[in-house]
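Participant: Sharing a structure below in structure tokens format, with a few things to ask.
The values are calculated or read from the model by the stated rules, or taken from the named source; none is laboratory data. The structure displayed is predicted, hence computed values, not measured ones. Using ideal geometry, Cβ is built from the backbone for each residue, glycine included, and neighbour counts are taken over all protein chains shown.
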Amino acid sequence: MSRSPLDLYPLSEKASALVRTPGGLGLEDFTVDAALEGRIGPQDLAITPEVLRLQADIARAAGRDTLAANFERAAELTAVPQEMLLDTYELLRPGRAGAAAELRARAQLMRARFNAPLIAALIEEAAEIGEKRGLFTKRF
Amino acid sequence: MAADPTPRWKRVEEWDLRPLRLDSFSEENPEHGFAVFHSPWDPAPGLVLGSGGEIVEMDGRKAADFDILDAFIAAHHLDVAVAPEAMALDSTLVARMLVDVNVPREELERLARGMTPAKLAEVVGRLSMLEATFAYSKMRQRHSPGNQAHVTNAKDDPLQLAADSAIAVGLGFDEIETTMRVAGNAWANALACTVGAAAGRGSTLFQCSIEEAEELKIGLAGLATYAETVSVYGSERSFVDGDDTPWSKTFLTAAYASRGIKARCTSGAGSELLMGFHEKCSVLYLEARCLCLQRGMGVQGTQNGGVDGAPLTASMPGGVRELMAENLIAVWLGLECASGNDTRTSESEVRIGAKITPYLLAGSDLITSGFGSIRAYDNSFNPSLFNAEEMEDYLVLQRDFQADGGLAPVGESAALALRRQAVTALADVLEELGLADTEAGMIESVIHASGSNETETFSPLRTLQISQDIAARGLTALDVVRALARRGHRDMAGNVMAMLRQRVSGDYLQTSAILRDGRVVSAVNDPNRYSGPGTGYQMDEDRWARVKAVRGTISRNHILAGEGNHQAPAGAAQFYPIGEAGPGRDPHEVVIGISPAFGERLHRTTAGHAVTDVLDALTKGILEGGALPRVVRIRHTADTSFLGLTAARLAGSGFGIGIQAKGTAIIHQKDRLPHMNLELFSNAPLVSLDQYRAMGRNAGRMTWGELPEPIIVTNDGQALGARFHPRVALLYAIETEMTDPAATPEEMFFASAERNA
């Protein structure tokens, strides 16, 4: 019988070897001395797509399919810079995009530049329903 | 002049003055959104699937007419593989399954994934408050309950935030949430709470509640670990007025996770009503839509149970029952639930205590989604259901019900030590990072203050400057770690580091996750598996020992130690035995029978009088009544009636007074039945020395055949049992322990203070 992803949880205790920061550090490197000696930087405070996908597997094995899907979307967003992240959120709010086409263009960008098909699909769904429900009217 | 109005019943005038009368009570009016469990405009539950399994109609609405909520719920919440089975089940049957200990939580969660909002609302509507509470305790996600604190103050003072965060963590809060009076202070708030929360045992989840973009930035800097500002609403127009759509909120939820930040949604009954777009639906149905939406979004949990709309919902008939019902839907859908109780829903302390009780009994992932751990006036979210003022009341409720409400008492000296550690560390960090110099007087003032009215601290402008500098310089939690370590706060630096380590593993993103002693505890590794008595969460011995240790408990040792401290002052009345007591012959003699411990091991009555003063008052009164007092020690009994009867049988007049050390006194007559006394002072804590003197006088006059006016000890309604009974029981045990069934009464020489001088 293969191991269930549930056996890996919590990763920090049961599978810490699977956790690496974007800067390549492991959990054992998170010490006060490492901080004092500058061996750990702001980039190491970020979570990686690999870890988020492991957490998605764990959530799915725990019977939480929608939470798993959220972690998979999050994994895609780790590559999206802060400015673009906030700009895309803003664009999804009512009335920000003047037409569905703006959203579809953003979806395309997400797919092409950030390899984020799940996020792209979410944005396209928003474009379709926004058109149907007239959400592209200016609010301010 | 107007005619005199009809005289009122004074009782009602008294009621008018009670705090309850400040509350508003609204009438049901579904057309205008005032409906709790059901409105005639709520759709009937229903689901029609097409031949390909696509949703054709849901809760009475055709797919072509779906609004944004319907569309999202149909696409992301409903599991069409389960739906036909789940929707076909009779709602009463499902309600019974919710309270059946033999139906596992997982099976009910499976069915919920196939139920529409109207179906979920219909099912929970068939449960009474008691049943919904029980179902909640069975369905909630994490095994061990938890709690969340608000930590804010009216000055946005970072020093006080640090001190109060340390206290919140010390009390056991699993999450702390701050917000600001001035938005620009967000960074100073976040840094201060991060440092304060690292004091003591450290490790708690922390959020800084502000606009999303700023909250993400603060989280990215490692100065916050969770967010619960992802608000959703149950009607399309309130959603759009709230400036979002289900898709924008889904994106935001994923954005938080992508930065390693735990997120939960916020929704609750009454919000659509407050926003003016209720669509004539019941608040429960609208909230059921919110919750299905949240499951569809893939957020791990929710903050619901009215929240800001709780006072409005609680104003309606059955409103408080509705709040529990919507919390139940949340956990039934597999969501972590921070179950509201974060808004003062009443001015009546009775209603406040009653509101929290079911949650305390059932347990909850986070019993309150913000307990005001600070003074109510310092709460920048507005006063919570419970605030620092009522903290000890809450701790005692935990002890009363033997229920873990997530907190445990912290002693005063431990609390001061935590405050000192936190404030000193923050002052050091601010100095080390070149953000501010703190004066020693400020530190002392904040450590000892209860609230911001009492602090001397940074000026508002200075605080704003600190906050702007943190943001402008891009300081992160790593700078905090280094500053703490360089200034000798190595343990606190380690605690902050441990939080950063957790973020990288993503473990606390899972459902109902919190950190306890540096380890993640969630619904994944600590699931609720309640299946009847003998299962489910129970406090272990160590936990219970800490929870029950409220301030000011008493024991036999305390009583005896207190009595030992009481020495009769020089020149006070004295009495000592002078041999066996025989029957008296004087027809006007009144015997005072004192109990075994009276003036022996016990020296004070429950009213606080020295027993010698009481004896003095009685003897003076007897003399005033024209009779002759004699004092006799009775050892074969400590019971007031028998003390009195024994004394009466020894007295030449046949009248006697019996008195216990705690001050309970009686007048008795020799031929009466033991419990048919002539006068009794049963509420000893209320009896004055003058009243003892009057009792003596009455006994004296009885020897002349008079029927004097009985002495009335008035009671204005104090809870004497609550105030005195533990002490009374302990005192009386000391009396009974000193009895000797074979002992005969002893004659006592009694010299009053005057005679003794």
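Participant: I'd like to check something: does the range A:36-50 contain any residue that is at the interface with chain B (Cβ under 7 Å from one of its Cβ atoms), crowded, with 17+ Cβ neighbours inside 10 Å, assigned to a helix (DSSP H, G or I) and modelled with pLDDT of 95 or more?
Facilitator: no
Participant: Next question. If you take the residues of the range B:205-221 that are in contact with a Lys or Arg (Cβ under 7 Å, 6 or more places away or on another chain) and either buried (at least 24 other Cβ atoms within 10 Å of the Cβ) or more than 10 Å from chain A (Cβ to nearest Cβ) (or both), which of them is nearest to B:Asp67 (Cα to Cα)? Walk me through it before giving the result.
Facilitator: At the first step, the residues of the range B:205-221 found to be in contact with a Lys or Arg (Cβ under 7 Å, 6 or more places away or on another chain) are B:205, B:216, B:219-220.
Then keep just the ones that are either buried (at least 24 other Cβ atoms within 10 Å of the Cβ) or more than 10 Å from chain A (Cβ to nearest Cβ) (or both); that gives B:205, B:219.
Numbers: B:Leu205: 36, B:Gly219: 33 Å.
By that ranking, first place goes to B:Gly219.
Participant: Got at least one residue in the range B:671-687 being over 21 Å from B:His603 (Cα atoms) and β-branched (Val, Ile, Thr)?
Facilitator: no
Participant: Checking the conditions here, which among B:Ala545, B:Ala471, B:Ala483 is in a helix (DSSP H, G or I), over 25 Å from B:Lys262 (Cα atoms) and over 28 Å from the mean Cα position of the chain (by Cα)?
Facilitator: Numbers: B:Ala545 fails: over 28 Å from the mean Cα position of the chain (by Cα); B:Ala471 fails: over 25 Å from B:Lys262 (Cα atoms).
That would be B:Ala483, the only listed residue that is in a helix (DSSP H, G or I), over 25 Å from B:Lys262 (Cα atoms) and over 28 Å from the mean Cα position of the chain (by Cα).
Participant: Sticking with this one: Do we have any residue at all in the range A:52-61 that's within 7 Å of chain B (Cβ to nearest Cβ), without any contact (Cβ under 8 Å) to a residue 60 or more places away in the chain and not in a helix (DSSP H, G or I)?
Facilitator: no
Participant: Do you know which residues across the range B:497-522 are more than 9 Å from every other protein chain (Cβ to nearest Cβ) and assigned to a helix (DSSP H, G or I)?
Facilitator: B:Met499 - this is the single residue of the range B:497-522 that is more than 9 Å from every other protein chain (Cβ to nearest Cβ) and assigned to a helix (DSSP H, G or I).
Participant: Considering B:Leu623, B:Leu643, B:Leu615, which residue is more than 23 Å from B:Arg727 (Cα to Cα) and among the hydrophobic types (A, V, I, L, M, F, W, C)? Step through it out loud before you land on a result.
Facilitator: On the way: B:Leu643 fails: more than 23 Å from B:Arg727 (Cα to Cα); B:Leu615 fails: more than 23 Å from B:Arg727 (Cα to Cα).
Unique residue meeting the criteria: B:Leu623.
Participant: Could you list, in sequence order, all residues of the range B:236-258 that are crowded, with 24+ Cβ neighbours inside 10 Å and not in a helix (DSSP H, G or I)?
Facilitator: B:Thr245
Participant: Give A:Leu52, A:Leu85 a once-over and let me know the one that is under 13 Å from the mean Cα position of the chain (by Cα), within 20 Å of B:Ala221 (Cα to Cα) and assigned by TED's automatic domain parsing to the domain that holds A:Pro117.
Facilitator: A:Leu85
Participant: Report, by residue number, each residue of the range A:80-95 that is under 24 Å from B:Phe239 (Cβ atoms) and more than 7 Å from every other protein chain (Cβ to nearest Cβ). Before the answer, list the steps.
Facilitator: Of the residues in the range A:80-95, the ones under 24 Å from B:Phe239 (Cβ atoms) are A:85-95.
Within the range A:80-95, A:Asp87, A:Glu90, A:Leu91, A:Gly95 meet the criteria.
Participant: Among B:Leu395, B:Leu430, which is more than 23 Å from B:Leu159 (Cβ to Cβ), part of a helix (DSSP H, G or I), in contact with a Pro (Cβ under 8 Å, 6 or more places away or on another chain) and at pLDDT 95 or above? I'd like the intermediate steps shown before the answer.
Facilitator: Working: B:Leu430 fails: more than 23 Å from B:Leu159 (Cβ to Cβ).
Step by step, each of B:Leu395, B:Leu430 is checked, and only B:Leu395 is more than 23 Å from B:Leu159 (Cβ to Cβ), part of a helix (DSSP H, G or I), in contact with a Pro (Cβ under 8 Å, 6 or more places away or on another chain) and at pLDDT 95 or above.
Participant: Out of curiosity, is A:Gly98 outside any helix (DSSP H, G or I) and either touching a Ser or Thr at 6+ places or on another chain (Cβ under 9 Å) or more than 7 Å from chain B (Cβ to nearest Cβ) (or both)?
Facilitator: yes
Participant: Against the condition buried (at least 18 other Cβ atoms within 10 Å of the Cβ) and either assigned to a helix (DSSP H, G or I) or over 35 Å from the mean Cα position of the chain (by Cα) (or both), how does B:Ala75 come out, does it pass?
Facilitator: no
Participant: Across the range A:111-133, what is the total count of residues that are within 13 Å of chain B (Cβ to nearest Cβ), outside any helix (DSSP H, G or I) and surrounded by fewer than 16 Cβ atoms within 10 Å (Cβ to Cβ)?
Facilitator: Counting residues in the range A:111-133 that are within 13 Å of chain B (Cβ to nearest Cβ), outside any helix (DSSP H, G or I) and surrounded by fewer than 16 Cβ atoms within 10 Å (Cβ to Cβ) gives 0.
Participant: Within the range B:288-320, restricting attention to residues that are closer than 13 Å to B:Ile73 by Cα and more than 14 Å from every other protein chain (Cβ to nearest Cβ), which residue is surrounded by the most Cβ atoms within 10 Å (Cβ to Cβ)?
Facilitator: Once the filter is applied, the top-ranked residue is B:Ala288.
Participant: Something else about it: Restricted to the range B:572-588, and to residues that are assigned to a loop (DSSP other than H, G, I, E, B) and modelled with pLDDT under 85, which residue is surrounded by the most Cβ atoms within 10 Å (Cβ to Cβ)?
Facilitator: B:Ala573
Participant: Take A:Leu77 and decide whether it is under 25 Å from B:Asp244 (Cα atoms), facing another protein chain (nearest Cβ under 10 Å) and surrounded by 19 or more Cβ atoms within 10 Å (Cβ to Cβ).
Facilitator: Criteria met by A:Leu77.
Participant: Mind counting the residues in the range B:232-278 that are within 14 Å of another protein chain (Cβ to nearest Cβ) and under 23 Å from A:Arg73 (Cα atoms)?
Facilitator: Count: 26.
Participant: State all residues of the range B:548-567 that are part of a loop (DSSP other than H, G, I, E, B) and either in contact with a strand residue (DSSP E or B) (Cβ under 7 Å, 6 or more places away or on another chain) or modelled with pLDDT under 95 (or both); if no residue qualifies, say none.
Facilitator: Our first condition is that a residue be part of a loop (DSSP other than H, G, I, E, B); within the range B:548-567, this holds for B:549-555, B:565-567.
Those that are part of a loop (DSSP other than H, G, I, E, B) and either in contact with a strand residue (DSSP E or B) (Cβ under 7 Å, 6 or more places away or on another chain) or modelled with pLDDT under 95 (or both): B:Gly552, B:Thr553, B:Ile554, B:Ser555, B:Asn565, B:His566, B:Gln567.
Participant: Anything in the range B:523-539 that is within 9 Å of another protein chain (Cβ to nearest Cβ) and buried (at least 21 other Cβ atoms within 10 Å of the Cβ)? List them, or say none.
Facilitator: Hits for the range B:523-539 are B:Ala523, B:Val524.
Participant: Could I ask something else about it? Given the residues B:Thr606, B:Thr612, which is the only one that is assigned to a loop (DSSP other than H, G, I, E, B) and hydroxyl-bearing (Ser, Thr, Tyr)?
Facilitator: B:Thr606
Participant: Here is a follow-up. Given the conditions (1) touching a residue at least 24 places away in the same chain (Cβ under 8 Å); (2) on the phi < 0 side of the Ramachandran plot; (3) outside any helix (DSSP H, G or I); (4) within 38 Å of the chain's Cα centre (by Cα), which single one is not true for B:Thr739?
Facilitator: Here B:Thr739 clears every test but (4).
Participant: Something else: Taking the stated definitions as given, is A:Gln108 at the interface with another protein chain (Cβ under 10 Å from one of its Cβ atoms) and assigned to a helix (DSSP H, G or I)?
Facilitator: no
Participant: Determine which member of the set B:Asn102, B:Asn185, B:Asn153 is within 31 Å of the chain's Cα centre (by Cα) and not in a helix (DSSP H, G or I). Before you say what the answer is, go through the steps one by one.
Facilitator: Numbers: B:Asn102 fails: within 31 Å of the chain's Cα centre (by Cα); B:Asn185 fails: not in a helix (DSSP H, G or I).
Every option except B:Asn153 fails the conditions.
Participant: Here is a further query. When the range B:79-98 is examined, which residues are found to be more than 23 Å from B:Gly532 (Cα to Cα), in contact (Cβ under 8 Å) with a residue 12 or more places away in the chain and away from chain A (no Cβ under 14 Å)?
Facilitator: B:Ala83, B:Pro84, B:Glu85, B:Ala86, B:Met87, B:Leu89
Participant: Restricting to the range A:62-74, name every residue that is free of Cβ contacts under 8 Å to residues at least 24 places away in the same chain and more than 7 Å from chain B (Cβ to nearest Cβ).
Facilitator: A:Asp65, A:Ala68
Participant: Within the set of pairs 6 or more residues apart or between chains, which connect a residue that is over 19 Å from B:Ser137 (Cβ atoms) inside the range B:99-126 to a residue that is among the polar types (S, T, N, Q) with Cβ atoms less than 6 Å apart?
Facilitator: Here the result reads B:Glu122/B:Ser91, each pair linking the range B:99-126 to a residue that is among the polar types (S, T, N, Q).
Participant: Please go through (1) without any contact (Cβ under 8 Å) to a residue 12 or more places away in the chain; (2) surrounded by fewer than 21 Cβ atoms within 10 Å (Cβ to Cβ); (3) of a type in the set (A, V, I, L, M, F, W, C); (4) facing another protein chain (nearest Cβ under 7 Å) for A:Leu27 and return the number of the only condition it doesn't satisfy.
Facilitator: (1)
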